[in-house]
Amino acid sequence: MTDVTFVTLQAGQTTVDDAAIAALSARLHGKVLTAGDPSYDEARVIWNAMIDRRPALIVQCANADDVVHAVQFARDNGLLVAVRGGGHNIAGSCVCDGGLMIDLSQMTSVRVDAGAERAVVEPGATLADVDRETQLFGLALPTGINSTTGIAGLTLGGGFGWITRKCGLTIDNLVAADVVTAEGERVRASDTENPELFWALRGGGGNFGIVTSFVFTLHPIGPQVLAGLVVHPFDAAETVLRQYREALETAPDELTCWAVMREAPPLPFLPPEWHGKPVIVLAMCYCGDLAAGEAATARLRAIGTPIADVVGPTPFTGWQQAFDPLLTPGARNYWKSLDFLALSDATIGILLDAIRALPGPECEIFIGHVGGAAGRVAVEATAFPQRHSHFVMNVHSRWREPAMDSAGIGWARDVFERAQPYAAATAYINFMPEDEHDRVETAYGPNYRRLAEIKRRYDPQNRFRLNQNVKPMAA
């Protein structure tokens, strides 16, 4: 091992000698990786292929003690720090150029206490890891819709998906967290221990420390749910979306339905003549009694004349992974997202025009419906600010060749700019790309000032800044 030159927290450079790095390595149960290590490139590669950064050093942590040592090493040397959980975040902030990358991806334990309906989850676990262990006991945690997503980033940003309307956001089910602070100290955060930190962790992102363990409440769900897709021709999209929004006005909490518009992938249940043509898909999940689910989904399934209806009983774990094939690693991705309190006719028109101008076959727009239990939490109860029943639009531009960067990014930005006048000020930080730091304050709305005050207390130097950053309030 040789001396390593790092980027500092203040964007300068510093050199750390090999003896100091060797001493760090000797304290770890995990590994220290430099650019010359065979597994370095694998460790720095993340889901979004647009992100290609090279940390000066990667610490692959095996436990919470390793995290403490890594944070203290960064503190003592004034280093720029990135923190990796699942590596799925669109902004790619989990990996940095020239700094120290603290990699939690080896910390994947999920321990379920079925009697207490709780789970203790390490930060490197994916949603698939959580689903696999909890479903062994017929229990579930509300998370997202892509099973390769990391639990840590999803949770810290809020977390919503197929059972959120019934069970709340992921953060609404967080009971406690073990955290390593910017000073390298281990603390517990809950309603009774460091409650201000606990409030901030529930939606405030990775600004306040590194969570080494999450404690969640679980819910009896599964092993089967009523779920699947109803696929319509894109020519019917305006009618479908208008009837979709009307049907959701009376939907029970157990029912979640999202709308997806894109070119049809070659799904086996679609006639070949529809492959590659624009479609609108209603993706729905009912997480209660299956017979009741048939009645609850009937109005949505009666809309128009679909090409295919493949809604039926399905394993919950299978439905949680249903969209994984469309979201595999290795593609270039750029997202733009907005919250809508209502899906207006004007908004629908903008979305339809956007699909008519798709820049590539993997690009899509989805509309996620959030409310129910998640909407019955006070705005000030957690850092996550958007507690009204609402629709989340994600303009997901996805392509393979760098030559398409301009077209892919430009399309997403154009849709965003045209739709923004009809949107709320809030935004889901987990869907915000790296060029949207100017949206952070408005995204948190009335909760931002409190977040900035807590940031000053727990991270006054803004060491955890590679995120959708909340800057410490000035003294």
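The values are calculated or read from the model by the stated rules, or taken from the named source; none is laboratory data. Keep in mind that this is a model prediction, so the values were computed, not measured. Here the Cβ is made from the backbone with ideal geometry for all residues, glycine too, and neighbour counts use every protein chain on show.
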Residue among 343, 352 that alone is outside any strand (DSSP E or B), closer than 14 Å to residue 414 by Cα and at pLDDT 95 or above: 352
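Being surrounded by 18 or more Cβ atoms within 10 Å (Cβ to Cβ), among the polar types (S, T, N, Q), touching a Gly at 6+ places or on another chain (Cβ under 9 Å) and not assigned by TED's automatic domain parsing to the domain that holds residue 451, is that true of even one residue in the stretch 246-256?
Yes: one or more hits.
Yes or no, residue by residue, for (1) within 26 Å of residue 469 (Cα to Cα); (2) assigned by TED's automatic domain parsing to the domain that holds residue 75; (3) buried (at least 24 other Cβ atoms within 10 Å of the Cβ):
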| residue | (1), (2), (3) |
| --- | --- |
| 130 | no, no, yes |
| 134 | no, no, yes |
| 143 | yes, no, yes |
| 146 | yes, no, no |
| 153 | yes, no, yes |
| 162 | no, no, yes |
| 167 | no, no, yes |
| 171 | yes, no, yes |
| 180 | yes, no, yes |
Test residue 234 against the stated conditions and say whether it is in the same structural domain as residue 370 (by TED's automatic domain parsing) and either under 17 Å from the mean Cα position of the chain (by Cα) or surrounded by fewer than 24 Cβ atoms within 10 Å (Cβ to Cβ) (or both). yes
May I ask you to say which residue of 67, 71 is in a helix (DSSP H, G or I) and under 23 Å from the mean Cα position of the chain (by Cα)? 67
Residues within the stretch 173-226 that are without any contact (Cβ under 8 Å) to a residue 40 or more places away in the chain, part of a helix (DSSP H, G or I) and not aromatic (Phe, Trp, Tyr), tallied: 1
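Taking the stretch 90-117 on its own, how many of its residues are surrounded by fewer than 19 Cβ atoms within 10 Å (Cβ to Cβ) and closer than 26 Å to residue 219 by Cα? Steps first, answer last, please.
Residues of the stretch 90-117 surrounded by fewer than 19 Cβ atoms within 10 Å (Cβ to Cβ): 97-98, 106, 108-109, 111, 113-117.
From the residues that got through so far, the ones that are closer than 26 Å to residue 219 by Cα too are 108-109, 111, 113-117.
The qualifying residues number 8.
Matching residues to (1) under 23 Å from residue 251 (Cβ atoms); (2) surrounded by fewer than 17 Cβ atoms within 10 Å (Cβ to Cβ):
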residue: 342; (1), (2): yes, yes
residue: 350; (1), (2): no, no
residue: 356; (1), (2): no, yes
residue: 363; (1), (2): no, no
residue: 366; (1), (2): yes, no
residue: 372; (1), (2): yes, no
residue: 378; (1), (2): yes, yes
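Are any residues in the stretch 15-36 in a strand (DSSP E or B), surrounded by 15 or more Cβ atoms within 10 Å (Cβ to Cβ) and over 28 Å from the mean Cα position of the chain (by Cα), and if so, which ones? Give the derivation first.
Within the stretch 15-36, the first condition is being in a strand (DSSP E or B), and the residues that meet it are 15-16, 31-33.
Adding the requirement that they be surrounded by 15 or more Cβ atoms within 10 Å (Cβ to Cβ) leaves 16, 31-33.
Scanning the stretch 15-36 gives a single hit, 16.
Hey, could you check the stretch 382-409 for residues that are part of a helix (DSSP H, G or I) and without any contact (Cβ under 8 Å) to a residue 40 or more places away in the chain and say which is surrounded by the most Cβ atoms within 10 Å (Cβ to Cβ)?
Initially, the stretch 382-409 is screened for residues part of a helix (DSSP H, G or I), giving 402-409.
Filter again for without any contact (Cβ under 8 Å) to a residue 40 or more places away in the chain, leaving 403, 406.
On the way: 403: 8, 406: 10.
So, considering only residues that are part of a helix (DSSP H, G or I) and without any contact (Cβ under 8 Å) to a residue 40 or more places away in the chain, the one surrounded by the most Cβ atoms within 10 Å (Cβ to Cβ) is 406.
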